[in-house]
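Since every read-out is calculated from the coordinates, none of them should be taken as a lab result. Keep in mind that this is a model prediction, so the values were computed, not measured. Note: ideal-geometry Cβ built from the backbone for every residue, glycine included; neighbour counts use all protein chains shown.
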Amino acid sequence: MDTAAERHAVLAQWLQQQEFLSVAEACRRAEASPATIRRDFAQLVARGVAERHRGGVRRPQRDALAMVPFAVREMRQAAEKSAIARAAAALLAPGDAVFIDGGTSTLHLAAHLGAVPVRIITNSLRLAVAVGERPTEQPVEVHLSGGYLLPRSGLLVGPQARATIAGYHARWAFLSVGGVHAGGIDNTDGLVVDLEQAMIANCDRAVVLADHTKLGARSLCHVAPLARIALVITDAGADAAALAAIRAAGVQVQVAA
């Protein structure tokens with residue numbers, strides 16, 4: 001592993017597979033020095049990906065229903081999410097307005113916007129900063145909702161955020177979800193779902209950005225039936241049966257290369 005970012009991603013993945021990871025084990029598996037691994041562990045702890053434990057780190061001990069920290073989720077299927085985001089950005093035409101929610105899949109859109117001038121309405125602080133800091137060929141206008149900052153997520157939620165979204169109309173809504181199945185789309189938090197429902201209600205076409213691990217999966221809160229979704233963009237690892245179930249519901253599916 002050549003870079004710290006690569007080591008952090010792999011260490012986080014190992015922690016999802018086992019509850020505790022010692023310095024000695026991480027050194028052996030990552031072929032890195034104890035000093036390097038201790039620095040990596042400190043970074044993971046600072047980002048909420050791990051908790052300190054004697055001799056190493058452990059997986060965060062949280063309520064099973066709590067939202068997984070953004071720093072953990074953004075490391076999962078990163079390449080697939082980037083390909084999906086690229087395909088979604090290609091849908092946009094000059095002058096389009098687009099709602100973008102605050103998931104890890106939609107955050108990858110920041111790297112693929114700017115080929116055409118568009119207007120973004122979002123409740124994601126992370127996306128707003130990422131878009132604002134990136135030089136683009138064409139102007140990308142960002143409208144950020146107000147609201148309550150959901151801990152460890154970078155998301156603005158609540159009545160003020162919903163009222164902001166309801167005050168706009170967009171051609172598109174790009175959504176990250178916790179699951180896509182024959183019954184519809186789900187997510188993990190009721191406050192997040194509330195904002196996604198407002199985006200769906202105020203757009204012409206809702207597009208779900210979902211890597212293959214989300215297809216056929218269910219999550220805690222129901223967002224909308226598939227009838228409200230125009231397109232699901234996923235990756236080449238998608239299960240054929242899961243894709244067939246979505247298409248059978250009358251929803252278009254695009255597999256990003």
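Around Phe20, with a cut-off of 12 angstrom between Cβ atoms, what is the net charge of the other residues, counting Lys and Arg +1 and Asp and Glu -1?
+1
Based only on Cα atoms, what Rg/Rh ratio does the range 4-61 have, Rh being taken as Kirkwood's radius?
The Rg/Rh ratio comes out at 0.90.
Per 0.36 nm of contour for each residue apart, how much would the distance between Glu31 and Glu19 grow if the chain were fully extended, relative to their Cα-Cα spacing?
Here the segment from Glu31 to Glu19 would lengthen by 2.3 nm.
Would you compute, from DSSP H runs of 4+ residues alone, the mean residue ellipticity of the chain at 222 nm, taking -39500 (n - 2.57) per run and dividing by the full residue count, rounded to the nearest 500?
-10500 deg cm²/dmol
Taking the Cβ of Ala128 as the centre, find all other residues whose Cβ is under 15 Å away and add up their charges (Lys, Arg: +1; Asp, Glu: -1).
0
Taking every eigenvalue of the Cα gyration tensor of the chain, multiplying by 5 and rooting it, what semi-axes result, largest first, whole Å?
32, 20, 18
Taking the Cβ of Leu220 as the centre, find all other residues whose Cβ is under 10 Å away and add up their charges (Lys, Arg: +1; Asp, Glu: -1).
-1
Within the range 243-257, list the residues whose amide N lies under 17 Å from a label point set 7 Å along Cα→Cβ of Ala236.
So the set is 254-257.
Quick check on the range 73-256: of the DSSP beta bridges with both residues there, what percent are antiparallel, nearest 5%?
25
Could you state, as a whole-number percent, how many of the C-alpha pairs of the range 116-220 are farther apart than 24 Å?
Result: 24 percent of Cα pairs exceed 24 Å.
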